[in-house]
1. Do you know which of the residues in the range B:338-361 that are surrounded by 24 or more Cβ atoms within 10 Å (Cβ to Cβ) and in a helix (DSSP H, G or I) is farthest from the other protein chains (Cβ to nearest Cβ)?
2. Go over the candidates B:Tyr218, B:Tyr232 one by one and state the one that is aromatic (Phe, Trp, Tyr), within 11 Å of another protein chain (Cβ to nearest Cβ) and either open to solvent by less than 20 Å² (accessible area, probe 1.4 Å) or under 29 Å from B:Gly65 (Cα atoms) (or both).
3. I'd like to know if the range B:388-404 contains one or more residues that are open to solvent by 10 Å² or more (accessible area, probe 1.4 Å), of a type in the set (Phe, Trp, Tyr), assigned to a helix (DSSP H, G or I) and farther than 23 Å from B:Lys91 by Cβ.
4. If I go through the range B:229-266 residue by residue, how many of them are in a loop (DSSP other than H, G, I, E, B) and either free of Cβ contacts under 8 Å to residues at least 40 places away in the same chain or farther than 30 Å from B:Leu477 by Cα (or both)?
5. Against the definition (open to solvent by 10 Å² or more (accessible area, probe 1.4 Å) and not basic (Lys, Arg)), how does A:Tyr301 come out, yes or no?
6. Yes or no: B:Arg43 part of a loop (DSSP other than H, G, I, E, B), modelled with pLDDT of 95 or more and either over 21 Å from B:Thr338 (Cα atoms) or open to solvent by 30 Å² or more (accessible area, probe 1.4 Å) (or both)?
7. Given the criteria within 26 Å of A:Tyr149 (Cβ to Cβ), more than 13 Å from chain A (Cβ to nearest Cβ) and open to solvent by less than 10 Å² (accessible area, probe 1.4 Å), does B:Phe335 qualify?
8. For the range B:227-248, how many residues are under 28 Å from A:Thr51 (Cα atoms) and not hydroxyl-bearing (Ser, Thr, Tyr)?
2 protein chains.
Amino acid sequence: MSQHTKRSVCARNRTVFLSFFTSNTPLCPTASSTRTASALPLRGKVLTVDTMNANVKKVDYAVRGPIVQRAVQIEKELKEGVKKPFEEVIKANIGDAHAMGQRPITFFRQVIALCTYPQLLDDNKFPEDAKNRARRILQSCGGNSIGAYTTSQGIDCVRHDVASYIQRRDGGIPSDPDNIYLTTGASDGIVTILKLLTAGEGRTRTGVMISIPQYPLYSASIAELGAVQINYYLNEEKCWSLDISELQRSLHAAREHCNPRVLCIINPGNPTGQVQSRQCIEDVIRFAAKENLFLMADEVYQDNVYAEGCEFHSFKKVLFEMGPEYSSKVELASFHSTSKCYMGECGFRGGYMEVINMDPEVKAQLTKLVSVRLCPPAPGQALMDLVVNSPQPGEPSYQTFMKERTAVLSALAEKAKLTEEILNTVPGISCNPVQGAMYSFPRITLPERAINEAKAKGQAPDMFYCMKLLEESGICLVPGSGFGQREGTYHFRMTILPPTDKLKIMLNKLKEFHQKFTQQYS
Amino acid sequence: MSQHTKRSVCARNRTVFLSFFTSNTPLCPTASSTRTASALPLRGKVLTVDTMNANVKKVDYAVRGPIVQRAVQIEKELKEGVKKPFEEVIKANIGDAHAMGQRPITFFRQVIALCTYPQLLDDNKFPEDAKNRARRILQSCGGNSIGAYTTSQGIDCVRHDVASYIQRRDGGIPSDPDNIYLTTGASDGIVTILKLLTAGEGRTRTGVMISIPQYPLYSASIAELGAVQINYYLNEEKCWSLDISELQRSLHAAREHCNPRVLCIINPGNPTGQVQSRQCIEDVIRFAAKENLFLMADEVYQDNVYAEGCEFHSFKKVLFEMGPEYSSKVELASFHSTSKCYMGECGFRGGYMEVINMDPEVKAQLTKLVSVRLCPPAPGQALMDLVVNSPQPGEPSYQTFMKERTAVLSALAEKAKLTEEILNTVPGISCNPVQGAMYSFPRITLPERAINEAKAKGQAPDMFYCMKLLEESGICLVPGSGFGQREGTYHFRMTILPPTDKLKIMLNKLKEFHQKFTQQYS
């Protein structure tokens, strides 16, 4: 026992010594010498910003950054009766359809309710097709309960349904359920694949090519993993399209300092709203093949295509139509989600990824890796199943389902057009057509004086603009700097999700604000 | 255009050159020189086990490892009519209560069904208290839908309810909703905190102290993050209790090669089934304070305490009862989940963590980090709410709820006792009391010849044992080597979750097998 005590005292002294070097709070020698033997050593925190994971510090996620935090604060202030020049905050910062008033698809919610509380299977109020879907999902669950863990890769029958959906969508090109991994939203799948690909040190460190502007999940994950971000710029003048020559320039430059191994594409584009042509996708695949790049295709907006002449082409389909020289070689991971399209079920965190041409040994490692987190949420898996296995003609829920689906997509198409049209009437705002997805990413001209004032405050000029917009009009947008943009250009991302009436009000408020702002700083 | 072509060719040549060094598949110079200009460069995969993330390769997760994969295969074979010396596989490898036949708590599922399909709020079949809970949760959701993203830290009212629960549980010691983070199961929270804490290189790399045996989420996450695993051994002779002298030994040794910053405790213990005494917890806290360690308390089995004289004491409560010298200093994160206790709702991936004394700047970083993944699944958050805000006396659902809860916990208590008793009748098996959690971790004596045969096959001896058990009797357990154990000792982890009848059959089959195995190899 006395030996034990002695050892402890030794160790404590060592701690004091160590904490002197590792902690940020300097030790006070006087205090240290006057305290009694039983007192705790004086010390700072174990975990401080100086001693925490340095990669995490580099992470940035503008979609929920300072603007949104301020918006939440303003909402509280409004509730508390603080007077503002507006009645409510309109949040157009995030693709969160239900929060903007979109109603859930009835069939989907019926099936999930049935899976959750199977006693409802005896209820006449639920249509037979909903009950059949629920029974089938429950039969695939351990103990027939969605409260059981599923296999880590996802419920068997859901993965089969996903594969059938992809096969139908891609005109019969086969999809193997073994290549399907269900995920906790698309974000989870994207981070997992990036994680597998991140290796090397210094000049051999994995480089990841992402578009600018990009969805900041990519830059955030790259920072967290300590990979190297490689920017390629989309062509704003050509409706945010992707130029292969720019990919080539960007890759060329990156090879000087890292090992570029991954090319990420978001189509339809977030935040650009651009829809890629079949030709462009072919060119990208050819480029990836030639340059030995792993392709990641973020296709979560695959049903969100509005513009005439635009069509969604999956990377998988184009890859296979290019013939075996490509389809047998190019490694591709494609991502989908329950959060976007016409369903907008973000809260359920459902998603899947399909991996093509992945080395079987790597696939085994992937399966092992996802097993550590046990499984994606079962309700989200069930929802993903319904998205890929929706009511069919002849089934009792078909008509209601189609009516609801069409209503959402037509409203979005209308709002996409409206947004472009109204924004383009404002001098100093120029907006590309919103061909797809859920966002516009207009360019704004800011007066020199505003830019200087922002810089003096240490703010990005478009952050300064958006913050002022929020304070004066209650509109919450995300500055372009959060997505990346060409030096000297300024943008914001705005969702097209608010109900048409509110969207119109918002756009007109924005117009007014922009005019006033321009005047004020000119 | 010709310039573009020229650039591409250059780049292609560079790729061939690079891939020679980075890819594992050697280039064949003959093939390279004979292929046409338009053909793709010969190359291997971008992503191979040799070029993938090296930390991911080191990850191991026995709970879903080779034994379980073989069990799934055997189940398929049985379905296909392959004859086996058993009719079904009994999976006692994972704490998956519903898969083992446990029924969900009615009230919980009613509320989640109501949240999912709010039309049911008009249905007379649902009790008023269930409806009230659902309405309250929905009012906290964007657009009153659980399909909306929640705030990244979790739904406001749920975090408030969690804080109230903790305060009640801990005899009035205050809990601040701002310190509560909802998570995607407890695993998610544990990995997130470990991620924040991982820093440094070489001898300054973060060391994480974990018990041996441990739950392999810890070793897997430490490997993935590239942190340093520091083992401290639990005392099997003293019912798997924790000795402070062993913590001291382990820390002392680790300081030679890394920077120990974290001490992880699982209480009640997984896989040991041990419940820590209040005294032990006090000693651990004192040790953490003295040695400047961040405490992580995995308390997901807080309702699973069966043995007489045992009681659950939260680290938070003990910390605060030790007075301000400790409660104002020691950094603690405590984890809970919807997956265990009496509810066993693993599929919903619900959970929370409470952080105590976390540096405010680090907390801001934590909030930022979790925002990248947007939010934990909303149905899991709702379920967590019900666990911490269950029916109260006087509410219509109270009696049924209590009946169901008590039935599950009494059955578990009975099965804990049964397991210990039957296992201890087998010569060569010795089992500590299952005081809590859902597992027994008995020690098995293996004949020398069996050990040698296993080693010749490159298998851990207890893996060899468990694999044979699975093939001959259909019982699926996890070998002790998957959790860690003292050199030269062998164990397995077995859940106590199968229904009592099945558990008895399983234990008797196990007994028979062990006797046969011992005979065969003696």
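The values are calculated or read from the model by the stated rules, or taken from the named source; none is laboratory data. Please read all numbers here as calculations on a predicted model, not as lab measurements. FYI the Cβ positions are ideal-geometry reconstructions off the backbone, even for glycines, and counts take in every protein chain you see. Ligands, DNA and RNA are excluded from the accessible area calculation, which covers all protein heavy atoms including side chains. Shrake-Rupley method; radii C 1.70, N 1.55, O 1.52, S 1.80 Å.
1. By that ranking, first place goes to B:Phe348.
2. B:Tyr218
3. Among the residues of the range B:388-404, at least one is open to solvent by 10 Å² or more (accessible area, probe 1.4 Å), of a type in the set (Phe, Trp, Tyr), assigned to a helix (DSSP H, G or I) and farther than 23 Å from B:Lys91 by Cβ, which makes the answer yes.
4. Of the residues in that region, 5 qualify.
5. The answer is no for A:Tyr301.
6. When the stated conditions are applied, B:Arg43 does not pass them.
7. Against the criterion (within 26 Å of A:Tyr149 (Cβ to Cβ), more than 13 Å from chain A (Cβ to nearest Cβ) and open to solvent by less than 10 Å² (accessible area, probe 1.4 Å)), B:Phe335 qualifies.
8. 9
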